[in-house]
Amino acid sequence: MTVTTQQDTSKSSYYLTTPIYYVNGVPHLGTAYTTVAADALARFNRMDGKDTWFLTGLDEHGQKVAQSAEANGMSPQEWVDGIAPRFKEAWKMLNISNDDFIRTTEERHIKGVQQFCETLYQNGYLYKDTYEGWYCLPDETFFADDQTVLIEGQRVCPDCGRPVEFVCEENWFFKLSAFQEPLLELYEQQPDFVCPQTRRNEVVSFVKGGLKDLSISRTTFNWGIPLPFDPSHVIYVWVDALINYITAIGYGSDDPIMQAEFARRWPAELHFVGKDIIRFHCVIWPAMLMAAGIEPPQKVFAHGFLLTKGEKMSKSRGNVMTPSELVRIFGVDAYRYYFLSDVQFGADGSISIERMLQVYNADLANSWGNLCSRVLNMTQKYFDGVVPDLWPKTIAKLTEEMGNPLAQIVQAEEGLYQRYAKAFGQVDYSGALSSVLELCNRANLYVEESAPWNLAKAAVAEKSEMQAAGLDEANATAPTASDRLAFVIYNSLEAIRVMALLFAPVMPATSAEVWQRLGLGDVLEIDDLAKQVCWGLLPAGNKVDTGEPLFPRLQLDDIE
């Protein structure tokens, strides 16, 4: 499934991906976490003027899939066809803006994978031998003796802790050992190839410890892509899966347009992965690409696990919450905001309903939602729902007299946009959102300090006095109370406009709603964010709507 977008080839390309998720389960908080994070970064880069392409999808081959299909009385293809819509529905629910959704059972992928493996074969990096060792079926991963863990006499997977089985079969092998030095050179030349730093250290240490050749085929089942030069073997599911990042953008295609697309999009700027699969993405994947004569991606960012009560979420532990359950309680945008603001991306993060409720009420109900409600309501009350027009001659005087701390925040030399964009560039969602929340909190304080309700009373009294004296307020030579009121309301509305822009990558639906309430149109579409984060762009005379509260306060009783 491809989401059609209009491309502007004059812009710089920004290609980012999630891992393709294994189809043997349904979307959970972990897969949603990665996907929402990638979506926010994709939305930011589109708004910042880059020709962005965002890929996600499904890994549909492998022994586990074949076994699950058989257990359910279905063919593997029928099984994956039944699961795939669950992911698409979940991403639609979470407002994910992916440009493409690839499935490894698609012909475009199969063709590209076979071409890739043929290239490895022709380049001399594949050979046939017998594999003897341990295999973790749940993770579909091979391990040597010294990589497994011995617990009560039973060998278990070092990653998932489940029993491994000893296998002996004829396989094709990839000469991974030949790429130890090239990989170390890559990490040296591109210090941020693996992020964050702790993951880079882990990968470098692993590679320095020595690499063993990798089995890349299986013969004990046939649910996979056959090797083009030895069809009795199907390609190891992880090798198959990794190649999706290039088949999705045209690798292996005969279409000149897709070939040009691959040349323009690759190498990818960023692969998002969980920390448990960094060796596949930071060791095996770049080595495979080097062997095929293709440039490695620019960066792989490995995030941590979501923890509940200090434990990684898993079905076996019974501590899994589903995205749909939380969305039902908090709404989509609050869901997205919580996971990107309260969990430092890259580290493990402890999550709970109680903490989510606290963040929701503090940041969204009391700060952002409250600011929008009170300012829009005051605009309705004091200016008949119209953005006030400021008298140019009074702006400088009022700025000097009353201060304009909001403008100072936005227009500082190293101002809000710079801090915000830098944080997004570093995949620091918490940092980006905290910079916007800083403006939100300052705007709320500005309203309190300026007390427009008092200015409104003063304006009524002043107007009455001037009328009694036969004076026309329009001919006043100095700022009036009405001017001061308009100044405060305009600044507050303008702060809301800027925050709607900057919250949009994480809370797109709410920002679009605020955009509409400010009279700025039904769709928030920006591709020059830096120019838009500039004070004074809200047009005077716009008709504003108050609407319902964006984030009604919640109590714990409401969600139990």
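Bear in mind that the values in this text are calculations on the coordinates, not laboratory data. Not measured: the values here are computed from a predicted model. All Cβ positions, glycine included, derive from the backbone under ideal geometry; neighbour counts span all protein chains shown.
Below is a table of values for the structure above.
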read-out	value
Per-residue Cβ neighbour rank within 10 angstrom, fewest leading, 168, 440	168, 440
Residue order, fewest to most surrounding Cβ atoms within 10 angstrom, among 203, 36, 156, 26	26, 156, 203, 36
For the chain, the Rg and Dmax computed from alpha carbons only, in angstrom	28.1, 103
Cα gyration tensor of the stretch 352-559 - equivalent ellipsoid semi-axes, whole Å, descending	32, 20, 15
Neighbour-count order for 546, 104, 379, fewest beta carbons within 10 angstrom listed first	546, 104, 379
Charge tally in the Cβ shell below 11 Å around residue 534, where Lys, Arg are +1 and Asp, Glu are -1, residue 534 excluded	0
Under-5 Å amide H pairs with residue 14, H placed in peptide plane, nonlocal only	51, 52, 53
Amide H contacts under 5 Å for residue 170, placed H, 5+ residues apart	131
Spatial separation of Cα centroids for the stretch 120-174 and the stretch 479-550, in angstrom	57 Å
Residue 328 paired with residue 26, simple spin-label distance in nm, labels 7 Å along Cα-to-beta-carbon	1.1 nm
³J(HN,Hα) computed for each position of the stretch 115-128 - Karplus, 6.51 cos²θ - 1.76 cosθ + 1.60, integer Hz, glycine/proline x	5, 4, 5, 4, 5, 4, 5, 5, 7, x, 9, 10, 8, 9
J(HN,Hα) series, the stretch 84-95, from Karplus relation 6.51 cos²θ - 1.76 cosθ + 1.60, nearest Hz, glycine and proline x	3, x, 5, 5, 4, 5, 5, 5, 5, 4, 8, 6
Phi-based couplings in Hz for the stretch 210-223 (Karplus 6.51, -1.76, 1.60; Gly and Pro marked x)	x, 10, 10, 4, 10, 5, 10, 8, 9, 10, 7, 8, 10, 8
